[in-house]
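For reference, the structure is listed below as structure tokens.
The values are calculated or read from the model by the stated rules, or taken from the named source; none is laboratory data. These numbers come from a predicted model, not from an experiment. Here the Cβ positions follow ideal geometry from the backbone for every residue, glycine too, while neighbour counts run over all protein chains shown. Protein only, heavy atoms only, side chains kept; ligands, DNA and RNA dropped before computing areas. Shrake-Rupley method; radii C 1.70, N 1.55, O 1.52, S 1.80 Å.
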Amino acid sequence: MAGKVFFSVSMSLDGFIAPESLGELMGRQWVELQAWLFPLRFTRELLKMGGGGEEGRDNDIARATHERTGASVMGKRMFDAGERMWPEEAPYHTPVFVVTHEKRDPWERPGGTTFHFVNDGIESALDRAREAAGDRDVRIAGGGATILQYVNAGLVDEFSIALSPVLFGSGIRLFEGVDAGRVALEQVRVEHSPRVTHLTYAVRER
């Protein structure tokens, strides 16, 4: 049986998941937003940062999110940012399908990540990701505009937000332009940690 389609993001208290400018990625606000991930044992393992790191519920959630993912889908903007910042061994270790108008051969990286460039829309990218994922889940990795397209198309089953105690003031809002008339949410789980609050929702058609 095919797995779920989900997304999982960190979000500021005022609803932003990234700065507006790609040049501000890895800036102070973004680092504060993602600060809950950096000390984790799983993050250190994934990014080849050496041993050690924190255990606990945040670590369990980060590891489980990675392990449930059999393939990912992302937009071109996120890929462009990541291509500059990811280490040589990109942190996915599964196929990634990039929704883009650019025609490009697959880009294979060490460690099992291959980026495939899909030119015929979000549904085609998702179909290919589902096939690659098998019985595991497909993660809509981002960015915000790509996540929103999948939500508004009724193609997302579930999502999780790590709500960080950070204020952005401006940037890319997670649900800017959501078709609220067709999307209903069911709260699945709320978990607190010292750094963030983890919110998980099932998505239903209204």
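The residue list VAL188, VAL166, VAL118, VAL196 contains one member that is open to solvent by 40 Å² or more (accessible area, probe 1.4 Å) and touching a Ser or Thr at 6+ places or on another chain (Cβ under 6 Å), which is VAL188. Take the residues in region 176-185 that are farther than 14 Å from PHE6 by Cβ and in contact with a strand residue (DSSP E or B) (Cβ under 9 Å, 6 or more places away or on another chain), then tell me which one is most open to solvent (accessible area, probe 1.4 Å). The residue in question is ARG182. Counting only residues that are among the hydrophobic types (A, V, I, L, M, F, W, C), modelled with pLDDT of 95 or more and closer than 22 Å to GLY111 by Cβ, how many does region 30-49 have? Qualifying residue count for the region: 3. Taking residues in region 1-27 that are more than 22 Å from HIS198 (Cα to Cα) and surrounded by 13 or more Cβ atoms within 10 Å (Cβ to Cβ), and partners anywhere that are of a type in the set (Asp, Glu) and at pLDDT below 95, not one pair has Cβ atoms closer than 6 Å while being at least 6 places apart or on different chains. Checking GLY56, GLY52 one by one, the residue that is under 20 Å from PRO165 (Cβ atoms), of a type outside the set (S, T, N, Q) and at pLDDT 90 or above is GLY56 and no other. In this structure, GLY169 does satisfy being touching a Phe, Trp or Tyr at 6+ places or on another chain (Cβ under 9 Å) and at pLDDT below 95. Across region 147-206, the qualifying residues are those that are part of a loop (DSSP other than H, G, I, E, B) and among the aromatic types (Phe, Trp, Tyr), and the one among them that is nearest to GLY27 (Cα to Cα) is PHE168. I'd like to check something: does region 85-100 contain any residue that is farther than 30 Å from VAL188 by Cα and at pLDDT 95 or above? Scanning region 85-100 turns up at least one residue that is farther than 30 Å from VAL188 by Cα and at pLDDT 95 or above. On the stretch given as region 67-100, residues that are surrounded by fewer than 23 Cβ atoms within 10 Å (Cβ to Cβ) and closer than 13 Å to ALA129 by Cα total 4.
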